[in-house]
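A.B. asks: Handing you this structure, nothing more for now.
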Amino acid sequence: MWQNETAAAKHARTEMEAKLNGPSFFDTELVLQIEIPKHVFYIFNVGPMEFTVPKGSAGPAGGYKIKSCEKGRPYSTPLILPSIVTDTYMQEDMIKTHSVTGEFMCRDIVHPMVGKVWSIGQNLDDFGVFWTRNNPPANSELEEAKFKMEITFRAALAEANMLEAQNRFDLITPLMRFAASYYEEDRKWNQVYKRTIECPVCGGPMKAGIAIHSCGAVLDWPAAIFNSARSFDDAKKHGVFSMLLEKQVAELRYKAANKQTFAPAPAGQSGSSFLSSAELIELEREETTKLDNTLTQAGRGDDVRTTAADAPDKRDDVPSPSRTRSQRAKVDADLDAAHEARGKSGKKPPAPKRPKNFKA
């Protein structure tokens, strides 16, 4: 109770307290009441560092998490943002919203510093992070992201060289260590200490997983022969040659010959997503289109399935969570009839009809 409070002031204070302590009302912007564009944005990373960017109520709990790019992969699992990003704030008894485009939020996450004053660590595109609407990203986007990152890493290594010459290892930063690991630089300030084990032959220390120890003991014959450090004749001399050894070496050679560069699956098939209801509806429409294409191919007489020896029936690969069992059986029966008719007559059968009230 305030001193010398008039009756009018007391009444106004009581009304305001009741208003603030009472129920809150949600007041949305007009942009959230109209149809939201059905597209998403992706933030990828080609660098070895991971980042967390807090954006309060405009992002998930704990902030936007950008994963690092694992060694041997071209880019990381993407962070997905919707076409419209909304945050909330309180104004008296109203919960109001403030919305920005997904493109604006991507720029704010990846490159917030747009002025002449530059501070290292603010712009994530200096470390290999970039945003795009493409998934998977284009080769030009990957090359540009790596180019920017390598400029930063080379500058960090140049500074580390000066510190190393001055014997100031206490000033070495984590960025310099990441740069040294990226370029596989062997520096005494970036050494990785690994646990050693005892050699079963000589008893000396050795690293785990090696094929041949310095004493000459062969600990992994398949790996030693595969890397041309030993031969099958050596295995015969030591009495360890067998058909199993030949098979293991053949498997290693086959894997090496058929090794492919890893490319993460497009978002929506793997990884976590941050999608609005509009984007989820769009994904459902895409799956419906896939099913329509499958039915159309069957109507033209195209073989949409492979043999059992090659791959499973592609009908099982068509996602359709809303179909009932009877509708699924109807589609399968139509496909079997189409293939059987083509085999007997040699003519392309008519396209199978979709059942009524069919939802893909």
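A.B. asks: Of all residues in region 240-254 being hydrophobic (A, V, I, L, M, F, W, C) and part of a helix (DSSP H, G or I), which is nearest to Ala224 (Cα to Cα)?
C.D. replies: Of the residues in region 240-254, the ones hydrophobic (A, V, I, L, M, F, W, C) are 240-241, 243-245, 249-250, 252.
With part of a helix (DSSP H, G or I) added as a condition, the list becomes 243-245, 249-250, 252.
Details: Met243: 16, Leu244: 15, Leu245: 11, Val249: 9, Ala250: 13, Leu252: 11 Å.
Top of the filtered list is Val249.
A.B. asks: Report every pair of residues separated by at least 6 positions or lying on different chains whose Cβ atoms are under 8 Å apart, first residue within region 238-252 and among the acidic types (Asp, Glu), second modelled with pLDDT of 90 or more.
C.D. replies: Correct list of pairs: Glu246/Phe232.
A.B. asks: I need every pair where a residue in region 186-205 that is surrounded by 10 or more Cβ atoms within 10 Å (Cβ to Cβ) has its Cβ under 6 Å from the Cβ of a residue that is of a type outside the set (Gly, Ala, Ser) and in a helix (DSSP H, G or I), sequence separation at least 6 or different chains.
C.D. replies: So the pair list comes out as Trp189/Phe169; Asn190/Arg177.
A.B. asks: Within region 206-230, how many residues turn out to be aliphatic (A, V, I, L, M) and either crowded, with 18+ Cβ neighbours inside 10 Å or assigned by TED's automatic domain parsing to the domain that holds Gly72 (or both)?
C.D. replies: In the first step, residues of region 206-230 are kept if they are aliphatic (A, V, I, L, M); the result is 206, 208, 210-212, 217-219, 223-225, 229.
Now narrow it down to the ones that are either crowded, with 18+ Cβ neighbours inside 10 Å or assigned by TED's automatic domain parsing to the domain that holds Gly72 (or both): 206, 218, 223-225.
Result for region 206-230: 5.
A.B. asks: Now, a different point. Sort out which residues of region 88-126 are among the aromatic types (Phe, Trp, Tyr) and either at pLDDT 85 or above or more than 27 Å from Ile36 (Cβ to Cβ) (or both), and write them in order of number. If you could, list the steps in order and put the result at the bottom.
C.D. replies: Initially, region 88-126 is screened for residues among the aromatic types (Phe, Trp, Tyr), giving 89, 104, 118.
Hits for region 88-126 are Phe104, Trp118.
A.B. asks: Filter region 44-68 for residues that are under 27 Å from Ile151 (Cα atoms) and of a type in the set (S, T, N, Q); which is surrounded by the fewest Cβ atoms within 10 Å (Cβ to Cβ)?
C.D. replies: Checking each candidate, the answer is Thr52.
A.B. asks: Working only within region 40-58, note down all residues that are assigned to a loop (DSSP other than H, G, I, E, B) and in contact (Cβ under 8 Å) with a residue 60 or more places away in the chain.
C.D. replies: Matches in region 40-58: Val46, Gly47, Pro48, Met49.
A.B. asks: On to the next question. Hand me the list of strands (runs of 3 or more DSSP E) wholly inside region 64-168 holding 1 or more residues that are closer than 23 Å to Ser181 by Cα and within 22 Å of the chain's Cα centre (by Cα).
C.D. replies: 64-66, 129-132
A.B. asks: Does region 80-87 include one or more residues that are of a type in the set (Ser, Thr, Tyr) and modelled with pLDDT of 90 or more?
C.D. replies: No, region 80-87 has no match at all.
A.B. asks: For Ala180, state whether it is under 23 Å from Asn45 (Cα atoms), hydrophobic (A, V, I, L, M, F, W, C), touching a Lys or Arg at 6+ places or on another chain (Cβ under 8 Å) and not assigned by TED's automatic domain parsing to the domain that holds Thr52.
C.D. replies: Taking the combined requirement at face value, the residue satisfies it.
A.B. asks: Follow-up. When residues of region 199-239 are filtered for being among the β-branched types (Val, Ile, Thr) and out of contact with any Asp or Glu (no Cβ under 9 Å at 6 or more places or on another chain), how many remain? Walk me through it before giving the result.
C.D. replies: Residues of region 199-239 among the β-branched types (Val, Ile, Thr): 201, 210, 212, 218, 225.
From the residues that got through so far, the ones that are out of contact with any Asp or Glu (no Cβ under 9 Å at 6 or more places or on another chain) too are 201.
Residues flagged as among the β-branched types (Val, Ile, Thr) and out of contact with any Asp or Glu (no Cβ under 9 Å at 6 or more places or on another chain) within region 199-239 amount to 1.
A.B. asks: Check Ala235 against each of (1) in contact (Cβ under 8 Å) with a residue 24 or more places away in the chain; (2) of a type outside the set (Lys, Arg); (3) not in a loop (DSSP other than H, G, I, E, B) and name the one condition it does not meet.
C.D. replies: (1)
The values are calculated or read from the model by the stated rules, or taken from the named source; none is laboratory data. A quick note: this is a predicted structure, and the numbers were derived from the prediction, not measured. Cβ: placed from backbone, ideal geometry, glycine included. Neighbour counts: every protein chain shown.
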